[in-house]
Each structure stands twice: as C-alpha cells, then as structure tokens.
Amino acid sequence: MTKSVWMHIGAGSFHRAHQAWYLHKLLEQGDDRWSIALGNVRNDATPLLNHLAAQNGEYTLETVTPEGERAYEIITSIRKVLPWDDNISALVQQGADEQTRVIAFTVTEAGYYLTPEYELDLQQSDIKADLNGELRSIYGALTRILKQRVANGGAPVTLLNCDNLRHNGERFRHGFLAFLAAKGESALADWVRENTTSPNTMVDRITPRPTPDVAERVKAATGKDDAVPVMAESFIQWVIEDDFIAGRPALEKVGVELVASVLPWEEAKIRILNATHSGIAWAGTLIGLNYIDESTRQKTIHQLAWEYVSKDVIPSLSPSPLDLAEYRDVVLARFSNPWIKDTNQRVAADGMSKIPGMVTPTLRECYQRGETPAASAVLPALFFLFLQRWVQGELPYEYQDGVIRPDAIRQLFTDTDPLSAFLRDETLFGDLTRSTEFHALMARTVVGLEKWLVQPEQSLVAV
C-alpha cells in the first residue's frame with residue numbers, strides 16, 4: 001500500500017491539538033495510509049522540534065471540558081520531525097517528495113502579509129527579504145520547496161491553509177501568486193495554477209500556550225514524562241472544501257466536515273468567535289485581568305461581547321444554515337471555561353490584522369443596512385485604548401503583532417487628536433475612514449469606555 005505524507009509547516013500548539021489529532025484518530029481506526037511530517041520556516045520552534053524528535057514525534061494531548069473533566073491521549077500521527085536549518089533543507093526535501101500530497105500550514109493571520117483589500121503587501125520587511133532570497137515567510141518557503149518539487153518531476157500537491165483568515169485558501173493563493181510575480185517566477189506560477197489546489201477551511205479548537213503545569217498533570221495522570229505536551233479544550237471542529245488535487249486522508253471518518261463551500265462556517269467563526277475572543281482579551285487586559293475565562297465572566301465584558309454578536313453580527317450573517325444564536329452561546333460558554341486558562345496576551349495578539357479582517361466588515365454592513373454599529377464600534381475602540389497603553393508602556397505583557405509598524409503607532413499617539421489619526425488608517429477601516437458618522441460614533445464610544453475603565457462594574461449598554 002502506498003504511503004502518503006501530510007507535511008505541515010508551523011510547529012505550534014494548535015496544529016498538534018487539531019490537525020494532528022484528526023490524523024491520529026484515523027491511525028487508531030487502522031488507516032495508516034497517511035502520516036505527518038512536521039517542520040517550521042523559522043528557528044523559533046527548534047527546541048520543540050528537538051524534543052519531539054527525541055520522543056519519536058509522540059506527545060500527550062490533554063483536553064478539558066467546561067466542567068473540568070480532563071482526558072489524555074498519546075498522539076502518534078507525526079511520524080517525521082523535520083529539523084530546521086538556514087536553508088530549510090528538510091522541509092524542501094520532504095515537500096519535493098511525490099509522496100507528500102498535502103502541504104498544510106498555520107502561520108497566523110499576520111503571516112500572510114495582506115492589505116485590507118487582501119493584496120500582498122510588498123512593503124512588509126519579511127516580504128522584501130524573501131523577494132531577495134531569504135526565508136522568513138510562507139511564500140518564500142513554498143517558493144523554494146515547490147521549485148525543488150518541479151525539478152523532481154512536479155507531482156501535484158494540495159496547499160492547505162489552516163489559519164483564521166477569511167476565504168483562507170483563496171487569499172493565500174492570491175498572495176502566493178502575487179509573490180511569485182514580484183519575484184519573476186512566472187514558470188513556477190504557471191505550475192502552481194495547474195498542479196495545486198488551495199481549499200478554503202475553517203478550523204476551531206481553543207489551544208493556549210502550554211505552561212509547566214500541563215506536563216505535571218500529564219505525569220500524574222499517565223506516569224509519562226513528556227517534554228512537549230499540549231492542552232486544549234474538548235471542543236473541536238474542522239470544515240474543509242473537498243478540493244484535494246492529489247488525494248486526501250479519509251477525514252470524514254473522524255468528524256471533519258467536507259463541504260462544497262466553507263463560507264457560512266467561516267464567517268460565523270471569524271466574526272462570532274475570533275473577533276469576540278480578541279475584544280474580550282483587549283477589554284480584560286485594560287481592567288487588569290490575565291485570562292480569557294475570567295474576562296468573559298466579568299459581567300460587563302460578557303455583555304459587550306453578547307451585544308456585539310446579537311445586535312450587529314447575527315443580522316449581518318442572516319439567513320444562515322447555522323443557528324447563530326446557539327453558536328454565540330456555545331462560544332461564550334467555551335470562553336468562560338475556567339480550566340483552559342488561555343491568556344489575554346495570546347488572544348490579544350495581531351490586532352492590526354484582526355480589526356480589518358474580523359471587525360470592519362460588520363461595521364460596514366451595519367451602515368449599509370441603515371443601522372448604527374454601536375455594539376461593534378466597541379471592539380476597535382477597545383483596541384485603540386489597548387494600543388494607547390502599549391505606547392505608554394503600560395501593558396502587563398509584551399504585545400505581539402506580525403504587521404504592526406511600531407514607529408508609526410507611536411507617532412500616531414503624538415498627534416493632537418490620536419483617535420482621528422487612528423480612524424484615518426485605511427488599512428484598518430477602508431472607506432469608513434471618510435465617514436463623519438463613524439468618526440463621531442467612535443469618539444462617543446471611546447469616551448464611554450474611558451469612563452468604564454474607571455468603574456468596570458458599570459454597564460456598557462449606553463456607550
């Protein structure tokens with residue numbers, strides 16, 4: 001029986017709690033036709049990869065329900081760990097092998113370097129570097145991998161985006177082809193168009209960064225010393241458009257939804273789960289909370305999240321094949337899970353990509369319906385105040401954002417009217433930058449939030 005390889009780029013916790021779990025479940029059923037080869041573009045995951053290699057790719061996954069019920073599984077689907085070097089040699093060799101039929105990746109929303117119009121931002125330093133032959137982005141890495149694949153005979157391969165990016169397969173593909181055009185790789189671009197597919201996907205499982213107590217619980221529960229365990233919530237979901245050019249695992253046998261269009265699930269996830277998650281993290285941080293669960297259970301933060309979804313998002317996404325109100329309630333219950341201990345720091349990251357990708361579409365659609373998006377305006381207003389604290393050096397943690405231009409943000413807050421300067425940023429708000437009504441709404445919202453920060457127990461309804 002021919003063995004096939006699923007190569008994954010991005011050795012973070014989410015892949016190991018999500019995609020690797022599904023392929024492990026297939027192995028448990030006796031279907032061993034597919035296994036994972038895991039690697040990374042950058043060297044920041046080298047300690048993790050070294051530990052995984054020492055454990056033959058195996059590790060323990062701890063899951064926990066909202067009721068605190070924990071379960072432990074040894075995940076066995078990663079059969080090859082690809083060591084990092086400056087030339088990503090192992091990734092290139094594996095990705096060029098015809099047995100590799102899927103190349104998947106998780107690099108976060110910011111890792112695609114797209115403008116609000118979803119065009120590749122050629123001014124980003126990492127993109128400039130990769131156009132000059134370096135290896136900092138998924139585009140530079142795939143260029144090198146696929147050039148070698150073509151040299152080896154050019155077997156077709158699926159390029160599978162597993163990040164929270166709207167129309168993620170299409171947007172990645174458009175960005176990649178733009179990168180190849182800028183690099184002068186027209187022959188490779190033609191090959192990509194003919195010999196690859198990029199299905200859209202929706203992925204979901206809350207996976208905090210592992211802390212030392214995970215390994216302690218694993219040891220106590222299983223007796224196993226695991227250097228790289230991972231923990232996640234018990235909930236899991238994966239929806240994929242069934243467009244694999246070189247075959248795929250039988251994912252439908254382990255609960256993956258294979259569909260013709262992922263759009264309804266994607267929009268609900270991005271606007272109801274992802275945007276709300278970030279808003280809760282920014283709000284919680286601003287009133288001195290550290291974790292998503294405690295922030296969600298804070299009455300006024302729960303209220304602002306519920307109202308954002310109920311008043312603005314659900315009308316924007318209706319009609320939908322999903323029960324959006326039920327989805328909202330499930331999401332807020334998941335965020336309230338006191339056993340996950342997901343940090344506000346992790347969820348607050350990459351706001352400069354999240355505002356245009358996750359929030360601005362709802363703002364715009366509310367105005368198009370003739371409604372004032374008062375509930376949605378709270379999210380960018382929170383992010384503005386969050387950035388203000390960052391510039392002042394008053395955040396309790398290091399803020400991570402893949403596309404932020406620190407000097408430009410610091411300059412913005414020296415303006416006589418920083419909020420107006422913030423609202424004039426077309427990369428964040430598009431055509432809303434020219435709306436006096438939107439500017440006035442945001443000014444009122446920021447004033448209301450500043451009062452709330454003094455008395456966090458007060459209601460935000462009237463903001």
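So, residue 326, is that one in a helix (DSSP H, G or I), acidic (Asp, Glu) and either out of contact with any Cys (no Cβ under 7 Å at 6 or more places or on another chain) or within 22 Å of residue 453 (Cα to Cα) (or both) or not?
Answer is yes for this residue.
Could you tell me whether any residue of segment 144-162 is over 27 Å from residue 82 (Cα atoms), buried (at least 18 other Cβ atoms within 10 Å of the Cβ) and more than 18 Å from the chain's Cα centre (by Cα)?
From segment 144-162, those over 27 Å from residue 82 (Cα atoms) are none; that's our starting set.
The answer is no; no qualifying residue exists.
Is there any pair with a first residue in segment 12-39 that is within 16 Å of residue 74 (Cα to Cα) and a second that is part of a helix (DSSP H, G or I) whose Cβ atoms are under 7 Å apart and which are 6 or more apart or on different chains, and what are they?
That search, which allows pairs on different chains as well, returns 22/251; 22/254; 25/254; 26/253; 26/254; 29/253; 36/20; 36/23.
Counting only residues that are aromatic (Phe, Trp, Tyr) and farther than 22 Å from residue 442 by Cα, which one in segment 386-414 is most open to solvent (accessible area, probe 1.4 Å)?
We begin by selecting, within segment 386-414, every residue aromatic (Phe, Trp, Tyr); these are 386, 390, 397, 399, 413.
Going one step further and asking which of them are farther than 22 Å from residue 442 by Cα, we end up with 397, 399.
On the way: 397: 44, 399: 22 Å².
Across segment 386-414, the extreme among qualifying residues is 397.
Taking the residues in segment 1-11 that are in a loop (DSSP other than H, G, I, E, B) and open to solvent by less than 20 Å² (accessible area, probe 1.4 Å) as candidates, determine which candidate is farthest from residue 77 (Cα to Cα).
Taking segment 1-11 first, the residues in a loop (DSSP other than H, G, I, E, B) are 1-3, 10-11.
The next check asks that each one be open to solvent by less than 20 Å² (accessible area, probe 1.4 Å); those that pass are 10-11.
Values: 10: 15, 11: 14 Å.
Among those that are in a loop (DSSP other than H, G, I, E, B) and open to solvent by less than 20 Å² (accessible area, probe 1.4 Å), it is 10.
Quick check on my filter: what residues within segment 102-119 are farther than 20 Å from residue 83 by Cα and buried (at least 22 other Cβ atoms within 10 Å of the Cβ)?
As a first pass, look at segment 102-119 and keep what is farther than 20 Å from residue 83 by Cα: 108-119.
If the condition is that a residue be farther than 20 Å from residue 83 by Cα and buried (at least 22 other Cβ atoms within 10 Å of the Cβ), then 109, 110, 111, 112, 113, 114 are the ones that fit.
Kindly provide the set of residues from segment 251-267 that are open to solvent by less than 10 Å² (accessible area, probe 1.4 Å) and either within 21 Å of residue 340 (Cβ to Cβ) or more than 20 Å from the chain's Cα centre (by Cα) (or both), ordered by number.
Result: 251, single match.
Could you grab me the full set of residues in segment 394-414 that are part of a loop (DSSP other than H, G, I, E, B), of a type in the set (D, E, K, R) and farther than 14 Å from residue 354 by Cα? Full working, then the answer.
Quick first cut of segment 394-414, residues part of a loop (DSSP other than H, G, I, E, B) only: 394-405, 413-414.
The next check asks that each one be of a type in the set (D, E, K, R); those that pass are 394, 398, 401, 405.
Listed by number, the residues that qualify are 394, 398, 405.
List every residue pair whose Cβ atoms sit under 9 Å apart, with the two residues 6 or more apart in sequence or on different chains, where the first one lies in segment 187-216 and is closer than 11 Å to residue 159 by Cα and the second, anywhere, is open to solvent by 10 Å² or more (accessible area, probe 1.4 Å) and of a type in the set (Val, Ile, Thr).
Pairs that qualify, where the first residue is closer than 11 Å to residue 159 by Cα and the partner is open to solvent by 10 Å² or more (accessible area, probe 1.4 Å) and of a type in the set (Val, Ile, Thr), are 195/150; 195/245; 196/245; 197/245.
Give all pairs with beta carbons closer than 6 Å in which a residue from segment 383-410 that is more than 14 Å from residue 349 (Cβ to Cβ) meets a residue that is among the β-branched types (Val, Ile, Thr) and open to solvent by 30 Å² or more (accessible area, probe 1.4 Å); count only pairs at least 6 apart in sequence or on separate chains.
Short answer, once both residue conditions are applied: 410/391.
Look at residue 204 and say whether it is open to solvent by less than 30 Å² (accessible area, probe 1.4 Å) and acidic (Asp, Glu).
Working: open to solvent by less than 30 Å² (accessible area, probe 1.4 Å): yes; acidic (Asp, Glu): yes.
For residue 204, the condition - open to solvent by less than 30 Å² (accessible area, probe 1.4 Å) and acidic (Asp, Glu) - is met.
Whether any residue in segment 125-140 is under 24 Å from residue 53 (Cβ atoms), open to solvent by less than 20 Å² (accessible area, probe 1.4 Å) and either free of Cβ contacts under 8 Å to residues at least 60 places away in the same chain or among the aliphatic types (A, V, I, L, M) (or both) is what I want to check. If you could, list the steps in order and put the result at the bottom.
Going residue by residue through segment 125-140, those that are under 24 Å from residue 53 (Cβ atoms) are 135-136, 138.
Those left that are additionally open to solvent by less than 20 Å² (accessible area, probe 1.4 Å): 138.
Retained after the next criterion (residues that are either free of Cβ contacts under 8 Å to residues at least 60 places away in the same chain or among the aliphatic types (A, V, I, L, M) (or both)): 138.
Yes, there is a match, as at least one residue in segment 125-140 is under 24 Å from residue 53 (Cβ atoms), open to solvent by less than 20 Å² (accessible area, probe 1.4 Å) and either free of Cβ contacts under 8 Å to residues at least 60 places away in the same chain or among the aliphatic types (A, V, I, L, M) (or both).
Any chance you could count how many residues in segment 214-236 are of a type in the set (D, E, K, R) and either surrounded by 15 or more Cβ atoms within 10 Å (Cβ to Cβ) or closer than 18 Å to residue 292 by Cα (or both)? First the steps, then the outcome.
The first filter runs over segment 214-236 and keeps only residues of a type in the set (D, E, K, R), leaving 216-217, 219, 224-226, 233.
From what is left, the residues that are either surrounded by 15 or more Cβ atoms within 10 Å (Cβ to Cβ) or closer than 18 Å to residue 292 by Cα (or both) are 217, 224, 226, 233.
Looking only at that region, the number is 4.
Being open to solvent by 10 Å² or more (accessible area, probe 1.4 Å), in contact with a Phe, Trp or Tyr (Cβ under 8 Å, 6 or more places away or on another chain) and of a type outside the set (A, V, I, L, M, F, W, C): is that true of residue 277 here? Give the steps one after another, and end with the answer.
Details: open to solvent by 10 Å² or more (accessible area, probe 1.4 Å): yes; in contact with a Phe, Trp or Tyr (Cβ under 8 Å, 6 or more places away or on another chain): yes; of a type outside the set (A, V, I, L, M, F, W, C): yes.
Yes, satisfied.
For segment 30-75, which positions are surrounded by fewer than 16 Cβ atoms within 10 Å (Cβ to Cβ), in a strand (DSSP E or B) and not hydrophobic (A, V, I, L, M, F, W, C)?
Hits for segment 30-75 are 70, 73.
Go through (1) over 23 Å from residue 225 (Cα atoms); (2) outside any helix (DSSP H, G or I); (3) in contact with a strand residue (DSSP E or B) (Cβ under 8 Å, 6 or more places away or on another chain) one by one and return the number of the condition residue 79 breaks.
Against the list (1) over 23 Å from residue 225 (Cα atoms); (2) outside any helix (DSSP H, G or I); (3) in contact with a strand residue (DSSP E or B) (Cβ under 8 Å, 6 or more places away or on another chain), residue 79 comes up short only on (1).
Could you list, in sequence order, all residues of segment 409-435 that are among the acidic types (Asp, Glu) and under 21 Å from residue 113 (Cα atoms)? So that I can check it myself, show each step before the final result.
Within segment 409-435, the first condition is being among the acidic types (Asp, Glu), and the residues that meet it are 415, 417, 425-426, 431.
425, 426, 431 - these are the residues of segment 409-435 that are among the acidic types (Asp, Glu) and under 21 Å from residue 113 (Cα atoms).
Condition check ((1) buried (at least 17 other Cβ atoms within 10 Å of the Cβ); (2) of a type in the set (Val, Ile, Thr); (3) in a loop (DSSP other than H, G, I, E, B); (4) under 26 Å from the mean Cα position of the chain (by Cα)) across all residues:
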site	(1), (2), (3), (4)
384	yes, no, no, yes
416	no, yes, yes, no
444	no, no, no, no
448	yes, no, no, no
453	no, no, no, no
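For segment 308-323, enumerate the residues that are aliphatic (A, V, I, L, M) and open to solvent by 10 Å² or more (accessible area, probe 1.4 Å). Give the steps one after another, and end with the answer.
Of segment 308-323, the ones aliphatic (A, V, I, L, M) are 309, 313-314, 317, 322.
Passing the criteria: 314, 317, 322.
The values are calculated or read from the model by the stated rules, or taken from the named source; none is laboratory data. It should be emphasised that the depicted structure is a prediction, and the values quoted were computed from it without experimental measurement. Reconstructed Cβ throughout: ideal geometry from the backbone, glycine too, with neighbour counts over all protein chains shown. The area values use the complete protein model at the heavy-atom level, side chains included, leaving out ligands, DNA and RNA. Shrake-Rupley method; radii C 1.70, N 1.55, O 1.52, S 1.80 Å.
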